[in-house]
Structures are given as C-alpha cells and as structure tokens.
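The values are calculated or read from the model by the stated rules, or taken from the named source; none is laboratory data. Quick caveat, the model's predicted, so the values are computed rather than measured. When we count neighbours, we look across all protein chains shown, and the Cβ atoms used for this are built from the backbone with ideal geometry, even at glycine. The accessibility values were calculated without ligands, DNA or RNA, using every heavy atom of the protein model including side chains. Shrake-Rupley method; radii C 1.70, N 1.55, O 1.52, S 1.80 Å.
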Amino acid sequence: MRLAAVALAIPTVLLCLVAAYYYVRFARLIDARLHGERSTVFPRVLARPLELRRGQGMTEQQLVDRLNELGYAHRDRLEKAGEFAIGQGAVAIMPRVPELKGRAVRVVFQKPPDPKPVARGKKAPPPRVADRVQRLELDAKPTDRVSLDAPVLTALGGEREKRRPVALAAIPARMQQAVLAIEDRRFYEHPGFDPIGMAGAVISNMRGKQKYDRGASTITQQVARNVFLPKMFPGMTLQEARQKSLRRKLLEIWVSFIITTRASKDAILEMYLNDMTLGQRGSFGIVGVPEAARLFFSKDVSNITLAEAATIAGVFQSPSALSPFNNPARCKERRNLVLQSMVDAGYVPQDAADRAIHEPLIVVQRALEAEAPYFVDFVGQTLAEQYPGLTTTTTQAVDVYTTLDLHLQRLAQDAVRDGLTQVDSLLARRKRGKAEAALIAVDPRSGEILAFVGGRSYNQSQYNRAVVSRRQPGSVFKPFVFLAAFERALSEGRTDVTPASITNDEQETFEFDDQEWTPENYEHEYDGPITFRRALAHSRNLGTIHVAQAAGYDHVAAFWKKLGVGAAPKAYPSIALGVFEATPYEIATAYTLFPNGGMLRSLQHIARITSGGKDVTKRTTVVAREVAKPETTFLVTNMMRSVLNEGTAASARSAGFTLDAAGKTGTTNDLRDAWFVGFTPELLTVVWVGFDDNQPVGLSGARAALPIWTQFMKSALAGRASVPFTVPQGIVFADIDAQTGKLATPNCPKIISESFIAGTEPHDVCELHR
C-alpha cells in the first residue's frame, strides 16, 4: 500500500507542479491579454454634430433615426442626458453636449394639411406625414437652432470589421439575459466550464431531440477560444483554436478556468458581447452586439426590443447559417427558441415571449449604408497616407471628426436608391443590366463634403466610384469652355464676347492632325445662329465647339490645366465636349469656382483629429486660389441658371425644385455616361450614372442623373429660403432680345435681363422684331 501510495503521489505531485507552472504562465499571459482587451482603444470616425433648426425638412421618424445613430435611449419619460421621448407630433430630447447639459429640447413637427375629399369610387391617397420642423424649443423657450452630439460612423480596427464597444451597463438587461439563456444559463455559477452542461449536451446529441440546442461550450470558453488562444500562442490561427480535438478542448477548459480566476464575470460577459463576430455585411465583419443592433435593426443597442435581442442572441451559435439577411427562416426559428429559453430561465413571462414570437422578423437591409461606408473608406485611405501609424500604433483615444452631415447622407442614399430604381426600369426594356451611381455634395463656401455615395450598394461592391472611377465629363465641361472664352476676351480687352454673343450651331467637319471629325448635336437638332446663353442652356455641341474654336483650343486646355484637376485634355476640337477623364470628386472640386466667384476651393472631408485629447490635425496652407475673375465667373454662373429654368434641366423645376440654382447636364459619346452638376450658393452636388465596364448607359444626364440630383436637393434644402448668387462689382444688366442678343424693343417676343461686364453691353437694337 505504501508503494501504491508513492506510485500515485509522484505523478500527482508532478501533475500539480506542471499545472501550477502552466497556471502561472497562462495567468501572466491572460493578465496581459485582459489588460490589453480593457485598454484597447479603437479609433472612432465621427460625422459633424447633428444640427436641428426651425423650418428644417425632417420627419419625426428621421429624427428618431438620427437619435438612434447618436446612441440616445428611447424612454417614456426623460430622466437623464442621452434620452429622448416621443409625444404627439413632437420629440423631447435631453442632450449630452456640455453646453446643453441639464436642458430639455423639444422638436415640434408641422401638422400635415387635411386631405382633400375624394370622389366616390376613387382610392384615397396615402396620408401625408409631417415633414417639417415647425417649432424648436430649448427649456420651453423658442429657439432657431440647436446642435447635438457628433454621431459615430464607425470604429476603425486593423481588420475589415465594424464594431463599437460599449460598457456592460450600456447593454440592456434583456440583451444580456437573451445571451445567457441560450448560450450559458449557469454562467455566474460555474468556474469557466460547465460539467453539467457538457453532460447535458452529450445526452442531447445522443438522443437528437432538438436541431438547435445549447452547446457544451460556456461563454468563458468561447472567449478563450476566439479571443485569447489565437493571441496567446504565436502561430495559432483562429481556425486551429476552433479545431475539434481533445487536446485543444482541454487547453480551452484550462484557459477558461484561469480567466475566471483573473477576471470578474461581468468583465468576461462584457468582452463576449463586444468581441464576438456576428456575421458579415459586404466586406465587413460585424463584431459585437452594439454593432449588430445597428446593422440588423438600425438602432442603438439600448433601444432594441425583446424580439430583436433574441434575434441577435440566436446568431451567436452560427453567424453565417443563422444570418437574418441570408437565412431569415432559420434565424426566426432560432429566435423563438431563445425566447422560450428566456421563459425557462425565468427572465421573461410566457405571455411576453409569445407576443415576441409572433412578431415578424424585420431587418434593415441597407443599415450598413447608413454608416457611409464609402466615405469611411475614403477617410481611412487619407489616414493611412497622411497619418501613418496614428490609428494602429497608439494606445490613446483617437477621434477623427469629419465634415459629413449624416442627415444629408441619408437623403443622398435615398435619392441614389430611388433614382437607380427608375434607371433600372428604363434599362430593363433594353436588357442592359443595372447601372451604378455616385453622388458628392459639398458646401462650396468651405469645400466641406456633406454627403458622399460611392455606389449602388456597398454590400455588393466596395469600388468607390466617387473618387476612383475616371470617366469622360462630357457636357458638364462646357461651362469651362465659355469661361475660358470670357477670360481671354477680358485679358485682351475685347467687348464682343458676352453671354449675348452669337455662335453658329450648324454641323461642320473639323480637321486636326490629318484627321477629320464631324460631331453632331444630341438628337440631331441644330439651331443655327444662337446666343452663348442658349447654346449652354440647351447643351448645343456645335455651338460650343465654335466658341472653343474662337477662344483657341489651346487656351481652353490651358485653363482646365490651371485648375489642376482631372486629366490634362489635348487641344483638339473634341475638348469642347469633355473628351478626357475625371472623377466625380474632381468635377466637384472644379465646380466650386462658380459659386465662389472664380476661387477654386479644395474639398475637405476631415475637420480635425484628436489623439489623447490633443489636436494632431495637419493643416493645409492653401485652401482656395483664384483661377478666374469674379466678373467672368458670374457670367457663366448666370448662364447656367438658364439650364434649370428653360434648358436641358428644366424638368427639375416641374419636379418641384424652386430655389435659385445653376447647373449643367452631361452626356458623353454614345450615351456612355450621364452627369448632372448643380449648385446654389450653399450647396453643390455632383451626380454620375453609368456602368463600371464603360458600356453605354443609353440615357442622357437629364434622364438618369438629374432626377437623383433633384430629389436630393429638394430634401436637403427643404425649408430654406432661396439665396441669390452674389453679383460682383463691374457687372451690369441690360434687357435684350433672347434670339438675337441685341437690345430689346417692345416688339421682341422674349426679353431677358442679361448680365455683362461693364462696357461690353450691346448698343445695337434688335432689327429682327423692330
């Protein structure tokens, strides 16, 4: 017996020594890893602060969506900062910003007009929703404007991941309970592994009673497997950490036990809810419950319902197979199992679970688009190029404050989606497939990018057409032809080149470099002698080419080169029709000179960057530079107003856009690309529509791009007064005959007030209508 005792004692002592050695070794590694997890700071990308103003175009639901994006909690009554309540036609908010701390904001929406009576037998139109902020109150006193928090677009990680970690206290109890009920009901009782659960899983699998049941792995084991093992052991991949082998399972159990002794249960649960991957959207992995709430339901995690919490909890078992996007039926079945498990665990009563079980599974398909992923990619590219290592080598909090207006971003995405749906229906008849689009909206006064859409769907394609796709600008280049002509005339002291000058819109064959070129007008319509204004308003190709010819093709090419955007065009006759390449971003940059009186303003998308609370932004020295005179620039801007008022973009007026604006449609050879660029003094927007493979879209800019621009601008500027373009000194106006460009007589059928540089206005009277 003594020998037997010694024989047993020796391996037991050795086993204890080995266990102690590995406990100490693993404990140090785990402590270091736990400290790393707790101190890990994910750099944040934020949009500009949410601004509310009286008269703003916004519905109640849109405001609720914006507050969800800010992480505000929906409550029946306001108690603390970061909460909002919905009343009858109004939303009350307790802001978090320091300057409004402890003060209440009330947003009252305009009541829609009563519907008109409908004749018997006719279907009544759907009721209109309140779409305007009628009154804004701060502590029950009227105010015109309130600025809230800056919404977080995303947190940047080293991988292609979407995450926004939060403290456990910020995750509602129903979410925690749903996860505990289905994943680890005895989490707060076992030492990191659950012998009872393991035995139950073996019996359940042998009997095969349920298709989706609880696994044997505890929450702590899943954290050990997915978070600790791949990073504790050099060379171990995530796939190896998940291998089904006895050795790997024993290692997982031992590490789980050590984690339990080194960290509190709440800390482990917080890590689990923030660090587990819950699926994929586009090229991004969805990491953590808070991000899943955003991308599944477009809600802050604090506002999810019982059914939504159960849906997220159900996905943990197999994110791909139980995805609410790819497998809604299986996801709903799993959700209902989670709800029943919550009843069995005593977390919710049976009647509440039954109500949630009967709710439909509704997810927001385009929630990823709400986080402006194309814009975030653009910001990430800028950080990598201009701030190398800032977001990857620091342990300090890094916040990147951008210029994006998240409300305008949503409006832009809606406009692109609706516009492409219309384009799809037109292309379906011709069996041409689905086109793509890009939209950039900027504040021309500052160059700040306010909205940025790089394609139809980020889930389907991450190709950022707004900044990468180089396409021919076509007719959107024509304003620069006229500007180059005015600039040359001004420098030479000529008085015969004005918006009222006559150009010949007749077909002609041009020769250059031993080649011949015979361009045509769109739909083969020719006007003969027409004014510069009419040639631009109706986008007459031949009329514009003759203007470029008179100004000198080399002067037109030199003027565009002076802007420093896009490819340098060759001094051929085709330059007048924009036969070179540029991106939508570059076209937007070029067009900033018109609302800025000849000053070209660089586009800005990063407002400031802080690291550890310190401003580390690299300031650019040159933001705006003069490339044209204010007088000549105004002449072209004023001419472009006719594009919307009577020319190729007149359909924007019939669609309800009433503000003073200027713009230009763009259609390239063979109807390959469709453009529209339009602006007011406050907002400039570029829209491109086409195919990635460069096949012809078969639609003009007025049919494909203009409807997108119109919908966006109507929504973005709703409730704003019309702002006229500033008239610079040295500009005079004269009433002229629209057809001849001469001074008008009482008999002229159409008289317009034309702008001229002082001293260039006409002196001859219209003889045609005398």
Margin query: Can you tally the net charge around ASP505? Count Lys and Arg as +1, Asp and Glu as -1, for every other residue whose Cβ sits under 11 Å from the Cβ of ASP505.
Written below: -2
Next item on the list: Report, in cubic angstrom per residue, the convex hull volume of the C-alpha atoms of segment 243-376.
Entry: 145 Å³
Item checked: Degrees, to the nearest 10: 553-563 long Cα axis against longest axis of the chain -> 40 degrees
Check: Could you work out Rg/(2.2 N^0.38 Å) for segment 709-770, with Rg from alpha carbons only?
Finding: 1.58
Notebook entry, point to check: When the chain is fully extended, how far beyond the present Cα-Cα distance does THR658 get from ALA329, taking 0.36 nm per residue of separation?
Noted result: 113.7 nm
Check: Mean separation of Cα pairs under 8 Å and 6+ residues apart, divided by the residue count of the chain: what relative contact order is that in percent?
Finding: 11 percent
Next item on the list: Keeping all protein chains in place, calculate the accessible area per residue for the chain (probe 1.4 angstrom), answer in Å².
Entry: 45 Å²
Notebook entry, point to check: Of the peptides 298-305, 72-79, how do they stack up when ordered by the mean number of other Cβ atoms within 10 Å, highest first?
Noted result: 298-305, 72-79
Check: Give or take rounding to whole Å, what are the principal axis extents of the alpha carbon atoms in segment 445-592, in descending order?
Finding: 51, 33, 29
Check: Does segment 357-501 come out rounded, prolate or oblate, given a ≥ b ≥ c as the square roots of the eigenvalues of its C-alpha gyration tensor, rounded meaning a/c under 1.5 and, failing that, prolate meaning a/b above b/c?
Finding: oblate
Check: Classify segment 615-770: rounded, prolate or oblate, from the alpha-carbon gyration tensor (a ≥ b ≥ c, eigenvalue square roots; a/c under 1.5 rounded; otherwise prolate if a/b is larger than b/c)?
Finding: oblate
Item checked: Reciprocal of mean inverse Cα separation for segment 310-390 (Kirkwood radius, Å) -> 15.2 Å
Check: With the radius of gyration and the Kirkwood radius both derived from the Cα set of segment 673-745, what is their ratio Rg to Rh?
Finding: 1.14
Note to self: At 1.4 Å probe size, with the rest of the protein present, what percent of the exposed accessible area of the chain is carbon and sulfur atoms?
What the structure shows: 52 percent
Next item on the list: Using a/c under 1.5 as the rounded threshold, could you call segment 542-648 rounded, prolate or oblate? The axes a ≥ b ≥ c are square roots of the C-alpha gyration tensor eigenvalues, and prolate needs a/b larger than b/c, oblate otherwise.
Entry: prolate
Margin query: Could you check the spin-label model distance between ASP735 and ALA550? Points 7 Å from the Cα along Cα→Cβ, value in nm.
Written below: 2.6 nm
Next item on the list: Filter the trypsin sites (Lys or Arg not before Pro) in segment 493-551 down to the DSSP loop ones having no more than 14 other Cβ atoms within 10 Å, then list what survives.
Entry: ARG494
Next item on the list: Project the alpha carbons of the chain onto their principal axes and report the range along each, largest first, in whole Å.
Entry: 131, 68, 53
Margin query: Need one value: the accessible area of THR421 in square angstrom, 1.4 angstrom probe, rounded to the nearest 10.
Written below: 80 Å²
Notebook entry, point to check: Within segment 576-621, which trypsin sites (Lys or Arg not before Pro) sit in a loop by DSSP and count at most 12 neighbouring Cβ atoms inside 10 Å?
Noted result: LYS618, ARG619
Notebook entry, point to check: If you add up the charges near THR218, with Lys and Arg at +1 and Asp and Glu at -1, over every other residue whose beta carbon is less than 9 angstrom from its beta carbon, what do you get?
Noted result: -2
Next item on the list: Report the relative contact order of segment 429-474, percent, no decimals, based on alpha-carbon pairs under 8 angstrom and at least 6 residues apart.
Entry: 29 percent
Check: For the chain, what is the mean residue ellipticity at 222 nm derived from helices alone (per DSSP H run of n ≥ 4: -39500 (n - 2.57); sum divided by total residues; nearest 500 deg cm²/dmol)?
Finding: -11000 deg cm²/dmol
Next item on the list: Using per-residue counts of other Cβ atoms within 10 Å, averaged over each peptide, order 178-189, 397-408 from highest down.
Entry: 397-408, 178-189
Item checked: Whole-number D in µm²/s for segment 287-345 (Stokes-Einstein; Kirkwood sum over Cα pairs; 37 °C, 0.692 mPa s) -> 289 µm²/s
